[in-house]
Amino acid sequence: RHILPDYNKIAVVPYGTREDYLEIPLIPSNGENCKFLFVGQGVQRKGLHHLIKAWEASKSLNISLTLVCSVIDPGITDKIKELGIEIKQNLSGDQLKQEFAQADVFIMPSLVEGFGLVYLEALAAGCYTIGTENTGLPDLGLTKDVGEILPTVNAVTVAQSIESAHQKWQSGQLNKQGIRDFVSQYSWERFQSSIVDAVDKATHTR
């Protein structure tokens, strides 16, 4: 026998974004190429293997990719080097902020993720953000100008998202200030008050 919850009593409250990331200087998305950034552990759960395969299929585009990883699967390091993808490790907090500042697109196609505070950091830095439905990203209600949420994760869907983001960059549609303005509504004050409201509602509906 399975006891299912009453989904009407479940409330989802997204985290607040970091105020210091909202202060990162915005660098216009008009560089020599469209700069993609991945920040996270370089393991299969983060979807990195699909990203590398998709990147190989997208190498004709005017794009670059930087991976900031504390650890990385040794089984894909040769392919990463072959594709000219840059790997950075052991960055300081300020150095990581600089990577976000220089990036146009943040991409982390996780197979499963609790919430992923890094998505909020990327959005606060003005990065067009690509993630998946298997994260807390759908709870933010992203618009098409802010990011893309993939319903399924494989090399084909990730490659399509890369091409779509590149097209937005190429046509000047990436608006870093607009992305930051969108995510700034998710303050920690809003998070705290929403938690209180959710608890009050649950308490009074028992």
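The values are calculated or read from the model by the stated rules, or taken from the named source; none is laboratory data. Because the structure is predicted, anything quoted here is derived from the model rather than measured. Ideal geometry is used to build each Cβ from the backbone, glycine not excepted, and the neighbour counts take in all protein chains shown. These area figures cover heavy atoms from the full protein model, side chains too; ligands, DNA and RNA do not enter into them. Shrake-Rupley method; radii C 1.70, N 1.55, O 1.52, S 1.80 Å.
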Legend entry - Phi to ³J(HN,Hα) by Karplus 6.51 cos²θ - 1.76 cosθ + 1.60 over region 129-144, Hz, x for Gly, Pro: 10, 10, x, 10, 5, 8, 9, x, 4, x, 6, 8, x, 4, 8, 5
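Which of the peptides 77-85, 120-128 is most tightly packed, and how do the rest follow, judged by the mean count of other Cβ atoms within 10 Å per residue? List each step's numbers first, then the result.
Details: 77-85: 13.6, 120-128: 27.1.
Ranking, from highest mean packing down: 120-128, 77-85.
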Inset, instruction - Compute the distance in nm between two label points, each set 7 Å from the Cα along the Cα-to-Cβ direction, one at residue 10 and one at residue 111. - result: 2.2
Inset, instruction - Round to the nearest 10 and give me the degree value, 0 to 90, for the angle of helix 93-102's Cα axis relative to the longest principal axis of the chain. - result: 70
Legend entry - Percent of alpha-carbon pairs separated by more than 22 Å within region 107-206: 37
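How much length, in nm to one decimal, is gained on full extension between residue 83 and residue 181, taken as 0.36 nm per residue of separation minus their Cα-Cα distance? Provide the component values of the computation, followed by the final result.
Working: separation 98, 0.36 × 98 = 35.28 nm, distance 3.44 nm.
Result for the pair: 31.8 nm of gain on full extension.
Rank 197, 139 by accessible area, highest first, at a 1.4 Å probe radius?
On the way: 197 95, 139 70 Å².
Ranked from most to least accessible, the order is 197, 139.
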Legend entry - Nearest 10 degrees, 0 to 90: helix 188-204 Cα axis against the chain principal axis: 40
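Per 0.36 nm of contour for each residue apart, how much would the distance between residue 71 and residue 173 grow if the chain were fully extended, relative to their Cα-Cα spacing?
Details: separation 102, 0.36 × 102 = 36.72 nm, distance 3.35 nm.
Net length gain for the segment: 33.4 nm.
At 0.36 nm per residue, and after removing the present C-alpha to C-alpha distance, how many nm does the segment from residue 163 to residue 199 gain when stretched out fully?
Gain on extension, residue 163 to residue 199, equals 8.7 nm.
How high is the FRET efficiency between residue 192 and residue 32 when r is their beta carbon distance and R₀ equals 35 Å, given to the nearest 0.05?
Efficiency at R0 = 35 Å is approximately 0.25.
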